[in-house]
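Note sheet for the following structure.
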Amino acid sequence: MCTVVIDAADAASLRLLAVRDEDPQREWDALGAWWPERYPGVIGIRDRRAGGAWLAANPAEGRLAVLLNRADVLDLPADQALSRGSLALESVWGRSPAGTERMHGFNLLEVRPEGSRVLAWDGATLRETPIEPGTHMIAHDDLDDPETPRIAAWLPQFRALGPTALSTDWRSDWVGMLAASAALSPEDDRAIIRDNRPHGYPTQSLLYCTASVGAAGIDLDYHALPAPAHWSAPTT
């Protein structure tokens with residue numbers, strides 16, 4: 001139940017704030033070049049168990065991808081499902097998913113020179129939603145879905161900050177908004193820094209990244225939270 005906030009200047013230039021929710025018992029590696037043989041030059045947040053990525057970037061190609069889980073219509077045991085961990089890596093390598101009958105649901109945010117989009121797979125249909133200019137949010141349902149409580153609560157607040165291109169320090173503005181959201185209890189369904197266990201999932205917010213993608217390249221920052229579902233302002 002991750003969350004991504006997006007501000008798109010145009011089809012291929014955008015800035016984002018991505019918060020990762022995962023089971024704290026599932027270990028990960030911080031931002032790095034963890035796949036030098038298969039994906040040389042690609043950097044990302046690596047899942048140690050499956051070896052895939054939640055977020056990945058290919059700076060040489062101007063590509064970035066973030067993976068979010070979503071509900072699906074599949075009656076498929078977890079041990080028979082294909083891992084979704086390859087999706088972000090394959091995306092930044094230039095190979096987008098075409099849909100698969102043996103993979104649980106996902107939203108895949110793809111930032112690409114040819115145009116940014118969200119690919120949504122519900123186990124039956126793969127849908128594409130282009131990222132139009134402006135500020136957007138996505139979680140476990142559709143882009144800007146008003147039925148998602150955290151989007152209904154915080155998308156208007158992020159939009160009220162105005163375009164990031166007009167800010168002298170957009171990262172501080174957006175991280176400040178994330179800090180404001182953390183005044184909510186992490187169990188509150190409006191929260192962005194989350195504890196999803198009361199909602200039936202073992203996941204909690206563990207880290208966040210900010211990224212700027214455009215003609216000047218990719219500028220990507222990583223921050224781990226001090227404890228699962230607990231906010232702390234960055235030290236740098």
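Counting Lys and Arg as +1 and Asp and Glu as -1 over every other residue whose Cβ lies under 13 Å from the Cβ of residue 173, the net charge comes to +1. Between residue 161 and residue 96, the simple label model (points 7 Å from Cα in the Cβ direction) yields a spacing of 2.7 nm. Loop-located GluC sites (Glu not before Pro) in the range 5-96 (DSSP state not H, G, I, E or B) with no more than 14 neighbouring Cβ atoms inside 10 Å: 27, 37.
The length gained on full extension between residue 232 and residue 199, counted as 0.36 nm times the residue separation minus their Cα-Cα distance, comes to 9.5 nm. Length available on full extension from residue 189 to residue 78: 0.36 nm per residue minus the Cα-Cα distance, which gives 37.4 nm. For the range 51-160, a simple Cβ point-charge model (Lys and Arg +1, Asp and Glu -1, everything else neutral) yields a dipole of about 340 debye relative to the Cα centre.
Note on the chain: the alpha carbon radius of gyration divided by the globular reference 2.2 N^0.38 Å gives 0.94. Approximating the spin labels as points 7 Å out from Cα along Cα→Cβ, the residue 60-to-residue 33 distance works out to 0.9 nm.
Considering the range 156-236 at the alpha-carbon level, its Rg and Dmax are found to be 14.1, 43 Å.
FYI, it's all coordinate maths here, none of it is from the lab. Only a predicted model underlies this, so the values are computations on that prediction, with no experimental measurement involved. For neighbour counting, all protein chains shown are included, and Cβ atoms are generated from backbone atoms with ideal geometry for every residue, glycine included.
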